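Read through the structure below, which is laid out as structure tokens, and then see the notes.
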Amino acid sequence: MFDNPRFANRSELLGIAVLALLLLAILPLTLDVFRLNLVAKYLTYSFVAIGLVLCWGCGGVLSLGQGVFFGLGGYCMAMFLKLEASSAANTKIQSTPGIPDFMDWNQITALPFLWQPFHSLTFTIVAILVVPAIFALIVGAAMFKRRVGGVYFAIITQAIAAILTILIVGQQGYTGGINGITDLRTLKGWDIRTDHAKFVLYFVEVACLFACIFAAQFIRRSKLGRILVAMRDKEDRVRFSGYSVANFKTFAFCAAAVFAAVGGALFTLEVGFMSPSFVGIVPSIEMVIYTAVGGRLSILGAVYGTLLVNAAKTSFSESFPQLWLLGLGALFIAVVLAFPNGLAGIWRDHVQPRLSGSGKPGKPWEAIADKTPAE
Amino acid sequence: MFGDYSLGDLAAIFAMQGFAGLILFSVFLLMALGLAIIFGQMGVINMAHGEFMILGAYVTWMTSNFFQAYLPALFSGYFFVAMILAFLASGALGMLVEWGLIRHLYKRPLDTLLATWGLSLILQQCYRSIFGAREVGVDLPQWMLGSFQVTDAIQIPINGVFVMCLTILITCAVAYVLYWSRWGRQVRAVVQNRVMAGAVGINTERVDRYTFALGCGVAGIAGSAFTMIGSTGPTSGQLYIVDTFLVVVFGGAASLVGTIASAFTISQAQSTLEFFLSGSMAKVLTLLAIVGILMLRPQGLFSLKVRK
Amino acid sequence: MLAISNLHVAYGQSEVLHGLNVAVSPGEIVAIMGRNGMGKTTLMKALMGIVPTKSGSVSMNGVEVTGLRSYERVAQGLAYVPQGRMIFSAMTVEENIETGLVASGGKAVPRDIYELFPVLLEMKARRGGNLSGGQQQQLAVARALATGPKVLLLDEPTEGIQPSIIREMARTLKRIRDERRLSIVVSEQVLSFALDVADRVLVIENGEIVRDDPRAGINETEVAKYLSI
Amino acid sequence: MQIGHLQKDFLLSVEGLTVSFDGFKAVNNLSFYVDEDEIRVIIGPNGAGKTTVLDLICGKTKASSGSIQFRGKELTKLKENQIVQAGIGRKFQTPSIYDDLTVFENLEISYPRGRSVFGALTFNRDKAVRERVEEVAEMVFLADRLAMTADLLSHGQKQWLEIGMLLIQDPDLLMLDEPVAGMSVSERVKTAELLNRIIKGRSVLVIEHDMKFVEDIAHKVTVLHQGQVLAEGSMNAVKTNPKVIEVYLGH
């Protein structure tokens, strides 16, 4: 009974299998490429949501700046793709051929130093993973060592999201400004704009998503995951059991940052551009809401929450654009007030017991959500 | 870099720049005052604070239209009526929100943040549906237009001076209410020790409700004042929220003096930097400096030293 | 005046008070003695409505207060000086006293409160947190008196206070009782103080009242057994 | 006293310890020494600074001045987790356990291995861990509760669980803050029996009011009053000390 903590229990494995069936078979078989690409776009946000489950749900650290990491990943990828699209041959009409078009428009005559290494795909992939991790490490270590947490951490991460947005918009010669980095074409010569490429990329992304789910599941099932939960509950006790609370929080924050960055990079590939509108305060909070709707404690819930909210957003804003914001706002409030554990909580407390009929009531999850620490 | 200007020009530029900084200071302080009550005193994160300001702005706009249409003779004084209406409207909405939403979440501050964000989305959409998506601006009465001609080169806009005076007035009023009135004593007692405040006979729930309403009402006045210097749209409130929170947190959440000092520091830093750099870089550097300082000194500029 | 009948109080699943019955007459000073952890503070908190009552009732002058909130109980005439005093440390002395006026409806601090505690008048502009322990204790009593109570509850008023001040405190409490004709319930560990001040001494042990003796003819050694180390 | 006498090696020496909160000295120039394998009980009226002393030793509160040496190591400069790793375990007054985790997981987290981030990530629940957890659970009467979520335990069981969490760390100095407070009579008896078993082979610092219990276990008693040592010695000596009687009884 107390053997090595299994990677996942039976119902979790079943849940993963159902998700795999949905993403790998049902959706690709029933949706056209346009819709499938839309699903792919939504799924990129679920990487962020999974990260938030670890760092907010389990660890109690709410970051309102996940868009920063999504953006860092996305921009790294976009820089590589843009350089490939800006070959001397493609840009010969520019006054300086061989540099991205927006640089040329802003009278920049040489490729900036920071852009140079993004000619290499290997460097780009490493950067996608390492840049956000280092950034999160610096921010996390600085704040958690001084025991800044809770609301203050949320506000400061939000400010960082605002800063990065203003910076990107303001430095348009280097970043493409408000329009972002657009007109991305090929990946190592492979045209990513074709239907076929989108179809293939969808599966690449789903593979990455499952890698991410497994990684998150591994972390949560490890002793580290239990320490995160313990920390959210009784931070002092963890400290007096001999752990450095700041290090564990920083780790959770870094892990969430890396997940978000992978999502951002895939977003750039799927959608074909990256812009500051995915970096700032509004997208960052929306990503938190996907997590909250799915259930802040459930990895799979985060995926479903993201898919559902985005699907609702698309269909609502197509038919009743005025109602969408009202609906989204009401959803926030309803989830927070009535269902703090989101879809996963509803599933676990109301649906599952009826399905299994075993009548083994789980602990009410509301109690868990209430324990998310204040400061 | 000053080579192209004469000494007189430079003096004028600095004077104007300094005055622009003072207006920015007024704006920051007005925005932050309401939040200093709600977040600083009560510890509630109200992400819809900007929308409460915008409500005040829209009320002012409607009042101005009403006066133009029905009481043109009194138009020069409409603003004072508008300000009171803005205070009442935002305050009433605040009371409703406290009753329906905030009071259930006092023990879950992070959840308050999410719920009030949802509220801000709803309010934005309401504004858009009622007032339209386009920005609206009010017509200023004649006496507020134009500027004082201090010297040949230095002009000081009257509406700017008006906003500054208003800021000083409202700051004094808030300080009076919090620190010298009977009501303020109850607020501070509840903030320091909710249980004990109840045990000396203070109705803590009522205090919470009215305090929240007061903060929202002050936000409404701030929004009303902003119509004097700019136009208002449904999403204008969202632009302010990060700045506002940073002003309050940077000052040291529980201190009104801190809020004033921090609004002053931030506004002067930003307007000075704006002279040397592009607007966006000035903003980025200012925000970065604040975040950096907050990482080193999380308690903010002014922290109250109290024995627990 | 104050009647407690069959009061049960529990924190979650563990019951701390198991059916207390105490009646306090007008003008009476009752001391409740017992070691730490025996339920004294819990009783005080339950009387003020800070800790919910599991069953039983508390009434003031025949008015049932069991379901009332703290501030409503204050309006019924209960006043509370908590353990550790809990003054509002960032507020001035005068402001601290004035918080008590909300219940009584007064505008300024009544003169007789400053007459009782002249030191508070001297220090009225100082922050409460910067007073000494004894002064804070006086401030907490003054704040409670400002509510115009009929029953004053004091939870371990001698805690952390020098013996010389403790004797003076006993005198002050008796003076308060005589001048204002109110009842006082005081929880204590220090026997000499209780004997100085009380008309009746109760002993609480493991959440139950085990002794109830009038001051006259009390067997000190018997009571001391419940307290001494 | 001879000159150049051998300095005795104490396990814990607290010297000149002072902490003031905004002028109020909660602990004032306090000195005391704990031997290896000694059971020391700290008693004193409320507000005497007993809990503050434990807070200072385990690093929860920082001292204003003075020193705390543990096996020659200065503790006042260490962080909380480093103090734990040096071999000091602390039980809080109200049971401090992880309500959302099972009893097994509560004990496992306290198992002194894999305390770094990487260590926790790769921590393997091997045979040694399982056996140790089961052994400790047996000691604290929770062997049949291992799979239960901790927050479903009774108050007494929670106290035992926290004692178990300390025990599994195998600290050289165990600090217990009112271990029998809030327990029923039968639970008290069991706890006394438990403590008597686990205090063997290590030093223990206990704050307690249950004098019968103190008498049973204490080697030496320290009486604190207003942040200072009022008396120190055997239980009997302390009981008859006139100063102690003065403070407690006021005569």
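When you go through C:Arg215, C:Arg211 one by one, which is the residue that is away from chain D (no Cβ under 14 Å), surrounded by fewer than 20 Cβ atoms within 10 Å (Cβ to Cβ), out of contact with any strand residue (DSSP E or B) (no Cβ under 6 Å at 6 or more places or on another chain) and among the charged types (D, E, K, R)? Before the answer, list the steps.
Values: C:Arg211 fails: out of contact with any strand residue (DSSP E or B) (no Cβ under 6 Å at 6 or more places or on another chain).
Result: C:Arg215 is the single residue among C:Arg215, C:Arg211 that is away from chain D (no Cβ under 14 Å), surrounded by fewer than 20 Cβ atoms within 10 Å (Cβ to Cβ), out of contact with any strand residue (DSSP E or B) (no Cβ under 6 Å at 6 or more places or on another chain) and among the charged types (D, E, K, R).
For the range B:9-59: of the residues being of a type outside the set (A, V, I, L, M, F, W, C) and out of contact with any helix residue (DSSP H, G or I) (no Cβ under 7 Å at 6 or more places or on another chain), which is most open to solvent (accessible area, probe 1.4 Å)? Please lay out each step first, then the result.
Filtering the range B:9-59 down to residues of a type outside the set (A, V, I, L, M, F, W, C) leaves B:9, B:17-18, B:21, B:26, B:34, B:40-41, B:43, B:46, B:49-51, B:56, B:58.
If we keep only those that are out of contact with any helix residue (DSSP H, G or I) (no Cβ under 7 Å at 6 or more places or on another chain) as well, we get B:9, B:18.
Details: B:Asp9: 75, B:Gly18: 29 Å².
Among those that are of a type outside the set (A, V, I, L, M, F, W, C) and out of contact with any helix residue (DSSP H, G or I) (no Cβ under 7 Å at 6 or more places or on another chain), it is B:Asp9.
Mind checking whether some residue in the range A:8-25 is surrounded by fewer than 24 Cβ atoms within 10 Å (Cβ to Cβ) and either touching an Asp or Glu at 6+ places or on another chain (Cβ under 6 Å) or within 30 Å of A:Met143 (Cα to Cα) (or both)?
Quick first cut of the range A:8-25, residues surrounded by fewer than 24 Cβ atoms within 10 Å (Cβ to Cβ) only: A:8-25.
Retained after the next criterion (residues that are either touching an Asp or Glu at 6+ places or on another chain (Cβ under 6 Å) or within 30 Å of A:Met143 (Cα to Cα) (or both)): none.
No.
Please verify whether the range C:119-128 includes one or more residues that are in contact with a Ser or Thr (Cβ under 7 Å, 6 or more places away or on another chain), farther than 16 Å from C:Ile29 by Cβ and at the interface with another protein chain (Cβ under 10 Å from one of its Cβ atoms).
Looking for residues that are in contact with a Ser or Thr (Cβ under 7 Å, 6 or more places away or on another chain), farther than 16 Å from C:Ile29 by Cβ and at the interface with another protein chain (Cβ under 10 Å from one of its Cβ atoms), one finds at least one in the range C:119-128, hence yes.
Which of the residues belonging to the range D:111-132 are part of a helix (DSSP H, G or I) and either closer than 19 Å to A:Gln217 by Cβ or in contact with a Lys or Arg (Cβ under 9 Å, 6 or more places away or on another chain) (or both)?
Residues of the range D:111-132 that are part of a helix (DSSP H, G or I), as a first pass: D:117-121, D:127-132.
If the condition is that a residue be part of a helix (DSSP H, G or I) and either closer than 19 Å to A:Gln217 by Cβ or in contact with a Lys or Arg (Cβ under 9 Å, 6 or more places away or on another chain) (or both), then D:Val117, D:Phe118, D:Gly119, D:Ala120, D:Leu121, D:Ala128, D:Val129 are the ones that fit.
What helices (runs of 4 or more DSSP H) lie completely within the range D:152-251 and have 2 or more residues being open to solvent by 10 Å² or more (accessible area, probe 1.4 Å), outside the structural domain of D:Leu54 (by TED's automatic domain parsing) and touching a residue at least 40 places away in the same chain (Cβ under 8 Å)? Quick ask: steps written out before the conclusion?
Details: elements: D:155-167, D:185-198, D:211-217, D:235-240, D:242-249.
In the range D:152-251, D:155-167 are the helices (runs of 4 or more DSSP H) which contain 2 or more residues that are open to solvent by 10 Å² or more (accessible area, probe 1.4 Å), outside the structural domain of D:Leu54 (by TED's automatic domain parsing) and touching a residue at least 40 places away in the same chain (Cβ under 8 Å).
In the range D:155-193, how many are of a type in the set (Gly, Ala, Ser) and either within 14 Å of A:Phe240 (Cβ to Cβ) or in contact with a strand residue (DSSP E or B) (Cβ under 9 Å, 6 or more places away or on another chain) (or both)?
Residues of the range D:155-193 of a type in the set (Gly, Ala, Ser): D:156, D:164, D:181-182, D:184, D:186, D:192.
Those left that are additionally either within 14 Å of A:Phe240 (Cβ to Cβ) or in contact with a strand residue (DSSP E or B) (Cβ under 9 Å, 6 or more places away or on another chain) (or both): D:156, D:182, D:184.
Matching residues across the range D:155-193 total 3.
Consider A:Ile160 carefully, then state whether it is under 24 Å from B:Lys283 (Cα atoms), open to solvent by 80 Å² or more (accessible area, probe 1.4 Å) and touching a helix residue (DSSP H, G or I) at 6+ places or on another chain (Cβ under 8 Å). I'd like the intermediate steps shown before the answer.
Details: under 24 Å from B:Lys283 (Cα atoms): yes; open to solvent by 80 Å² or more (accessible area, probe 1.4 Å): no; touching a helix residue (DSSP H, G or I) at 6+ places or on another chain (Cβ under 8 Å): yes.
Against the criterion (under 24 Å from B:Lys283 (Cα atoms), open to solvent by 80 Å² or more (accessible area, probe 1.4 Å) and touching a helix residue (DSSP H, G or I) at 6+ places or on another chain (Cβ under 8 Å)), A:Ile160 does not qualify.
Restricting to the range C:129-145, what's the tally of residues that are within 13 Å of C:Glu94 (Cβ to Cβ) and more than 8 Å from every other protein chain (Cβ to nearest Cβ)? Steps first, please.
Within the range C:129-145, the first condition is being within 13 Å of C:Glu94 (Cβ to Cβ), and the residues that meet it are C:131, C:139, C:142-143.
Filter once more, keeping what is more than 8 Å from every other protein chain (Cβ to nearest Cβ): C:131, C:139, C:142.
Residues meeting the conditions: 3.
Check the range C:176-188 and report whether any residue there is among the hydrophobic types (A, V, I, L, M, F, W, C) and surrounded by fewer than 19 Cβ atoms within 10 Å (Cβ to Cβ).
If we filter the range C:176-188 for residues that are among the hydrophobic types (A, V, I, L, M, F, W, C), which is where we start, we get C:176, C:182, C:184-186.
With the extra rule that they be surrounded by fewer than 19 Cβ atoms within 10 Å (Cβ to Cβ), the set shrinks to none.
The answer is no, given that none of the residues of the range C:176-188 is among the hydrophobic types (A, V, I, L, M, F, W, C) and surrounded by fewer than 19 Cβ atoms within 10 Å (Cβ to Cβ).
Taking the condition open to solvent by 10 Å² or more (accessible area, probe 1.4 Å) and within 24 Å of B:Ala86 (Cβ to Cβ), does B:Gln142 pass?
yes
Could you tell me which residue of the range B:108-133 is most open to solvent (accessible area, probe 1.4 Å), considering only residues that are farther than 19 Å from B:Tyr240 by Cα and within 7 Å of chain A (Cβ to nearest Cβ)?
The initial filter retains those residues of the range B:108-133 that are farther than 19 Å from B:Tyr240 by Cα, namely B:108-111, B:129-132.
Okay, now just the ones that are also within 7 Å of chain A (Cβ to nearest Cβ), so B:108-111, B:129.
On the way: B:Arg108: 33, B:Pro109: 15, B:Leu110: 5, B:Asp111: 6, B:Ser129: 80 Å².
Among those residues, the one meeting the criterion is B:Ser129.
Taking the range B:139-172, which residues are within 23 Å of B:Leu71 (Cα to Cα), of a type outside the set (S, T, N, Q) and modelled with pLDDT under 85? If you could, list the steps in order and put the result at the bottom.
Within the range B:139-172, the first condition is being within 23 Å of B:Leu71 (Cα to Cα), and the residues that meet it are B:139-145, B:159, B:162.
Filter again for of a type outside the set (S, T, N, Q), leaving B:139-141, B:143-145, B:162.
Correct list: B:Asp139, B:Leu140, B:Pro141, B:Trp143, B:Met144, B:Leu145.
Out of the range D:111-130, which residues are more than 7 Å from chain A (Cβ to nearest Cβ) and within 28 Å of the chain's Cα centre (by Cα)?
Going residue by residue through the range D:111-130, those that are more than 7 Å from chain A (Cβ to nearest Cβ) are D:111, D:113, D:116, D:118-119, D:122, D:126-129.
Listed by number, the residues that qualify are D:Tyr111, D:Arg113, D:Ser116, D:Gly119, D:Ala128, D:Val129.
Looking at (1) closer than 19 Å to D:Asn46 by Cα; (2) open to solvent by less than 10 Å² (accessible area, probe 1.4 Å); (3) out of contact with any Asp or Glu (no Cβ under 7 Å at 6 or more places or on another chain), which is the one condition that is false for C:Ala194?
Against the list (1) closer than 19 Å to D:Asn46 by Cα; (2) open to solvent by less than 10 Å² (accessible area, probe 1.4 Å); (3) out of contact with any Asp or Glu (no Cβ under 7 Å at 6 or more places or on another chain), C:Ala194 comes up short only on (3).
In the range D:29-54, which residue that is surrounded by 19 or more Cβ atoms within 10 Å (Cβ to Cβ) and part of a strand (DSSP E or B) is modelled with the lowest pLDDT?
Restricting to residues being surrounded by 19 or more Cβ atoms within 10 Å (Cβ to Cβ) and part of a strand (DSSP E or B), the top hit is D:Ile43.
Go through the range D:64-110 and give me each residue that's in a loop (DSSP other than H, G, I, E, B), open to solvent by 20 Å² or more (accessible area, probe 1.4 Å) and not hydrophobic (A, V, I, L, M, F, W, C).
D:Ser64, D:Arg71, D:Gly72, D:Thr76, D:Lys77, D:Lys79, D:Gln93, D:Thr94, D:Pro95, D:Asp99, D:Asp100
Can you tell me which of (1) part of a loop (DSSP other than H, G, I, E, B); (2) modelled with pLDDT of 90 or more; (3) crowded, with 21+ Cβ neighbours inside 10 Å is the one C:Pro26 doesn't meet?
(3)
Among the residues of the range D:113-130, is there at least one that is over 16 Å from D:Met165 (Cα atoms), among the β-branched types (Val, Ile, Thr) and surrounded by 14 or more Cβ atoms within 10 Å (Cβ to Cβ)?
yes
So, restricting to helices (runs of 4 or more DSSP H) that lie completely within the range B:203-308, which ones have at least 1 residues that are out of contact with any His (no Cβ under 8 Å at 6 or more places or on another chain) and within 14 Å of chain A (Cβ to nearest Cβ)?
On the way: elements: B:204-226, B:236-251, B:256-276, B:279-296.
In the range B:203-308, the matching helices (runs of 4 or more DSSP H) lie at B:236-251, B:256-276, B:279-296.
Going by the structure shown, is A:Thr91 β-branched (Val, Ile, Thr) and in contact with a Pro (Cβ under 8 Å, 6 or more places away or on another chain)? Show your work before the answer.
Working: β-branched (Val, Ile, Thr): yes; in contact with a Pro (Cβ under 8 Å, 6 or more places away or on another chain): yes.
So A:Thr91 passes the test.
Regarding the range A:211-218, can at least one residue be identified that is more than 22 Å from the chain's Cα centre (by Cα), more than 11 Å from chain D (Cβ to nearest Cβ) and modelled with pLDDT of 90 or more?
The first filter runs over the range A:211-218 and keeps only residues more than 22 Å from the chain's Cα centre (by Cα), leaving none.
Checked the range A:211-218: no residue is more than 22 Å from the chain's Cα centre (by Cα), more than 11 Å from chain D (Cβ to nearest Cβ) and modelled with pLDDT of 90 or more.
Looking at (1) of a type outside the set (Ser, Thr, Tyr); (2) open to solvent by less than 30 Å² (accessible area, probe 1.4 Å); (3) touching a Leu at 6+ places or on another chain (Cβ under 7 Å); (4) farther than 28 Å from B:Glu135 by Cβ, which is the only condition B:Cys216 fails?
(4)
Are any residues in the range B:252-267 closer than 25 Å to B:Glu98 by Cα and open to solvent by less than 10 Å² (accessible area, probe 1.4 Å), and if so, which ones?
So in the range B:252-267, the residues closer than 25 Å to B:Glu98 by Cα come out as B:252-256, B:259.
Answer for the range B:252-267, where residues must be closer than 25 Å to B:Glu98 by Cα and open to solvent by less than 10 Å² (accessible area, probe 1.4 Å): B:Gly252, B:Thr259.
Within the range C:88-113, which residues are in a loop (DSSP other than H, G, I, E, B) and either under 20 Å from C:Val185 (Cβ atoms) or more than 8 Å from every other protein chain (Cβ to nearest Cβ) (or both)?
So in the range C:88-113, the residues in a loop (DSSP other than H, G, I, E, B) come out as C:88-91, C:100, C:105-110.
Selection gives C:Gly100, C:Gly105, C:Gly106, C:Lys107, C:Ala108, C:Val109, C:Pro110.
The values are calculated or read from the model by the stated rules, or taken from the named source; none is laboratory data. Worth saying up front: this structure is predicted, and the values here are computed from it rather than measured. When we count neighbours, we look across all protein chains shown, and the Cβ atoms used for this are built from the backbone with ideal geometry, even at glycine. SASA here: full protein model, heavy atoms, side chains in, ligands and nucleic acids out. Shrake-Rupley method; radii C 1.70, N 1.55, O 1.52, S 1.80 Å.
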